[in-house]
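Notes follow the structure.
The values are calculated or read from the model by the stated rules, or taken from the named source; none is laboratory data. Predicted model, so just to flag it, every value in this text is computed and none were measured. Note: ideal-geometry Cβ built from the backbone for every residue, glycine included; neighbour counts use all protein chains shown.
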Amino acid sequence: MSDTQHVSAARALRRLFPGEGPLRNWVDGGWSDRHGEELESIDPTTGRPLLTVTVADEGEVDRAAASASAASRAWWRGDGQDRGRILRAVADAIRSRGADLGLADTLDVGRPIRDTRTRDVERAARLFEFWAGVTDRIRGANIPVQPGFANVTQYEPYGVVGAIAPWNYPLTNAATKVAPALATGNGVVLKPAEESPVSALLLASVASDAGLPSGLLNVVNGPGETTGDHVVRHEGIEKIAFTGSTTVGRAIASAAGALLKSVSLELGGKSPTMVFADADIPRAASAVALSGFNNQGQTCTAGTRVYVEGPVLDEFLDALRAQVARLRVGDPLDPETHVGPLVSAAQHARVQDYLALGDRQSAQRVELAPIRAHPDTGYFVAPTVFVHLDPGNRIDREEIFGPVVSLHAFDDEEEALTAANDTAYGLSASVWTQSLPRAHRLSRDLRAGLVWVNAVHALHPGSPYGGYKQSGVGLEMGLEAIPQLMKVKSVWTATEPWASPWGPPE
Ligand code: NAD
């Protein structure tokens, strides 16, 4: 693929949107006509500008919140089955527009097209399908209380959910937030990351074409510190659903806390993988390659700390080499490519700093040897493993968000568990062993929101997802997410005349 092919693909992407010039925000059921500052999205394969988008100022966020609020009232008063039918239609529309949605993310963030047009589109569609099945099943309870009263609970939407998303899987991150919020009767103001504004805008117009009522889903682009902050502080937005870094999550929680808003946070990770000598080593190595290097390592659940039982360390490293040798690092528009560029120059520089840090730590740096086919430009980093880093080093402690994995040997289960849990994060963990008792022991003792046994990165819209410790607060996905998006009202009705002069019986 050449620069020229990227330029023509970018033109094709631009033609999916009306007019000329910067892309508009999607507000109140259509393309906003407000002009303002602009934000430039860069194609990380070429390092050249891709598209510009209009930054949403405070007034635009205000309009988005007002339209989401009005639309949610009508949406919630309607029939749950109708909501489900519409969300199913959105799922179908995502599939039928999958080529466009996939192209948007590949050009915007460099995620390979073999993933964006297939897995990501299917995952986004399935999120909407799962939540479509929930809309007519949300119900309260009839609670037996003291004589003289009937008491029922009813679930009600917050009204407007402010969804703030990161850039690493733009379409699926957006769908993960938008589908459950809509299914629970809320309107949404979605703020995508600065690096990845395009597919969220496309999703909003695709959903509208599929019949989603006007105003329910709004997309406002802009920097986190301004547009994102307006979303967090807007008094008409009662619930903030944030996915992103732990640092920003902490700042948002504190701003939202002062305003007494409900917040759920899906944050960073530094996930361990434990490989025991009895494990299927080639499969474990293939899982580590997938987990550590898929999406260029820019995955919150990436298994970046790998603990291998001493006697099989060399065998494991050889197996990992063999796995990575099958991967093609290259232009993400090429359907053969497995690993594309990092999202931005800043992320590239950050990862290079960590690589230099690893070298200074006198660790063994193993630059794995994938098939290379990448252009001269772009923010590419080869999949890299550090072996035997000093204990407590920053590479093991900090989320790098690049294709960098550290490998350590351990002597016994206790040592491996202690090392795995020795982190501020707690998003996921993966255990490789043939021993069922050990698998159960470790699943119990690992301090992480997701544990995979002889597996990695298995997710389903029906299965809850959320982090422990600094990896987050609250859950996304699964029926467990419903209480995070709804309030519970307790309704009391007197069924008898009051006998007491003081009022109703207590
Ligand atoms: P980020 O925290 O820099 O930004 C995330 C979003 O927050 C962006 O839309 C950004 O514009 C916005 N933002 C930034 N400052 C803000 C502020 N003050 N107020 C309101 N909004 C603000 O994260 P990123 O670099 O886009 O994404 C990478 C991070 O996301 C990694 O840490 C990764 O682990 C995390 N992540 C977590 C999950 C999960 O499910 N746990 C999933 C994907 C990504």
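Scanning the range 392-413 for residues being aromatic (Phe, Trp, Tyr) and more than 28 Å from the chain's Cα centre (by Cα) gives a total of 1. Among residues that are in contact with a helix residue (DSSP H, G or I) (Cβ under 6 Å, 6 or more places away or on another chain) and closer than 29 Å to Gly185 by Cα, Ala481 is included. Scanning the range 247-262 for residues that are near the ligand (Cβ under 9 Å from one of its atoms), touching a residue at least 12 places away in the same chain (Cβ under 8 Å) and among the aliphatic types (A, V, I, L, M) turns up Val248, Ile252, Ala255. Do we have any residue at all in the range 308-328 that's crowded, with 22+ Cβ neighbours inside 10 Å and within 23 Å of Glu194 (Cβ to Cβ)? The answer is no, given that none of the residues of the range 308-328 is crowded, with 22+ Cβ neighbours inside 10 Å and within 23 Å of Glu194 (Cβ to Cβ). Summed over the range 363-410, residues that are more than 18 Å from Val288 (Cα to Cα) and without any contact (Cβ under 8 Å) to a residue 24 or more places away in the chain total 3. Here is a check on your reading of the model: is Ala277 of a type in the set (A, V, I, L, M, F, W, C) and assigned to a loop (DSSP other than H, G, I, E, B)? Answer is yes for this residue. Looking at Pro170, Pro180, just one residue is within 29 Å of Gly47 (Cβ to Cβ) and touching a helix residue (DSSP H, G or I) at 6+ places or on another chain (Cβ under 7 Å), and that residue is Pro170. For the range 95-110, state whether one or more residues are among the basic types (Lys, Arg), at negative phi and within 15 Å of the ligand (Cβ to nearest atom). Looking for residues that are among the basic types (Lys, Arg), at negative phi and within 15 Å of the ligand (Cβ to nearest atom), one finds none in the range 95-110, hence no. Suppose the filter is of a type in the set (Asp, Glu) and in a loop (DSSP other than H, G, I, E, B); does Asp136 pass it? It is true that Asp136 is of a type in the set (Asp, Glu) and in a loop (DSSP other than H, G, I, E, B).
Taking the criterion of being among the charged types (D, E, K, R) and modelled with pLDDT of 65 or more, the residues of the range 487-506 that qualify are Lys487, Lys489, Glu496.
I'd like to check something: does the range 37-44 contain any residue that is under 30 Å from Ala71 (Cβ atoms), in contact with a Pro (Cβ under 8 Å, 6 or more places away or on another chain) and free of Cβ contacts under 8 Å to residues at least 40 places away in the same chain? Looking through the range 37-44, at least one residue is under 30 Å from Ala71 (Cβ atoms), in contact with a Pro (Cβ under 8 Å, 6 or more places away or on another chain) and free of Cβ contacts under 8 Å to residues at least 40 places away in the same chain.
Does Leu39 satisfy being assigned to a strand (DSSP E or B) and either buried (at least 20 other Cβ atoms within 10 Å of the Cβ) or assigned by TED's automatic domain parsing to the domain that holds Ala210 (or both)? So Leu39 passes the test.
Restricting to the range 414-433, name every residue that is under 25 Å from the mean Cα position of the chain (by Cα) and of a type in the set (Val, Ile, Thr). Selection gives Thr423, Val431. For the range 60-104, give me each residue that is aliphatic (A, V, I, L, M) and more than 30 Å from Glu235 (Cβ to Cβ). Ala89, Ala91, Ala93, Ile94, Ala99, Leu101, Leu103, Ala104 - these are the residues of the range 60-104 that are aliphatic (A, V, I, L, M) and more than 30 Å from Glu235 (Cβ to Cβ). Gly310: outside the structural domain of Asn168 (by TED's automatic domain parsing), of a type in the set (Gly, Ala, Ser), modelled with pLDDT of 95 or more and under 22 Å from Ala455 (Cα atoms), yes or no? Against the criterion (outside the structural domain of Asn168 (by TED's automatic domain parsing), of a type in the set (Gly, Ala, Ser), modelled with pLDDT of 95 or more and under 22 Å from Ala455 (Cα atoms)), Gly310 qualifies.
Exactly one residue among Thr304, Thr299 is at negative phi, part of a strand (DSSP E or B) and within 16 Å of the ligand (Cβ to nearest atom), and that residue is Thr304. Evaluating Thr337 against the criteria (1) of a type in the set (Ser, Thr, Tyr); (2) within 27 Å of Asp100 (Cα to Cα); (3) within 16 Å of the ligand (Cβ to nearest atom) leaves one unmet condition, (3). All of (1) small (Gly, Ala, Ser); (2) over 20 Å from Gly228 (Cα atoms); (3) within 11 Å of the ligand (Cβ to nearest atom); (4) touching a helix residue (DSSP H, G or I) at 6+ places or on another chain (Cβ under 8 Å) hold for Gly269 with one exception: (4). Of the residues making up the range 190-205, those that are closer than 17 Å to Asp28 by Cβ and more than 9 Å from the ligand (Cβ to nearest atom) number 6. Pairing each residue of the range 322-338 that is under 22 Å from Val385 (Cα atoms) with any residue that is assigned to a loop (DSSP other than H, G, I, E, B) and of a type in the set (D, E, K, R), provided the two are 6+ apart or on different chains, yields C-beta distances under 7 Å for Arg328/Glu336; Thr337/Asp331. For the range 271-278, the condition of being farther than 25 Å from Asp105 by Cβ, surrounded by 24 or more Cβ atoms within 10 Å (Cβ to Cβ), among the β-branched types (Val, Ile, Thr) and out of contact with any Lys or Arg (no Cβ under 9 Å at 6 or more places or on another chain) holds for at least one residue. Can you pull out every residue in the range 214-225 that is more than 7 Å from the ligand (Cβ to nearest atom) and surrounded by fewer than 19 Cβ atoms within 10 Å (Cβ to Cβ)? The answer is Ser214, and nothing else.
Here is a check on your reading of the model: is Ala251 within 20 Å of Pro192 (Cβ to Cβ), among the small types (Gly, Ala, Ser), in contact with a helix residue (DSSP H, G or I) (Cβ under 8 Å, 6 or more places away or on another chain) and outside the structural domain of Val404 (by TED's automatic domain parsing)? Considered against the rule, which asks whether it is within 20 Å of Pro192 (Cβ to Cβ), among the small types (Gly, Ala, Ser), in contact with a helix residue (DSSP H, G or I) (Cβ under 8 Å, 6 or more places away or on another chain) and outside the structural domain of Val404 (by TED's automatic domain parsing), Ala251 comes out as no. Among the residues that make up the range 226-246, is at least one of them away from the ligand (no atom under 11 Å from the Cβ), on the phi < 0 side of the Ramachandran plot, of a type in the set (D, E, K, R) and touching a residue at least 60 places away in the same chain (Cβ under 8 Å)? So far as the range 226-246 goes, yes, one or more of its residues are away from the ligand (no atom under 11 Å from the Cβ), on the phi < 0 side of the Ramachandran plot, of a type in the set (D, E, K, R) and touching a residue at least 60 places away in the same chain (Cβ under 8 Å).
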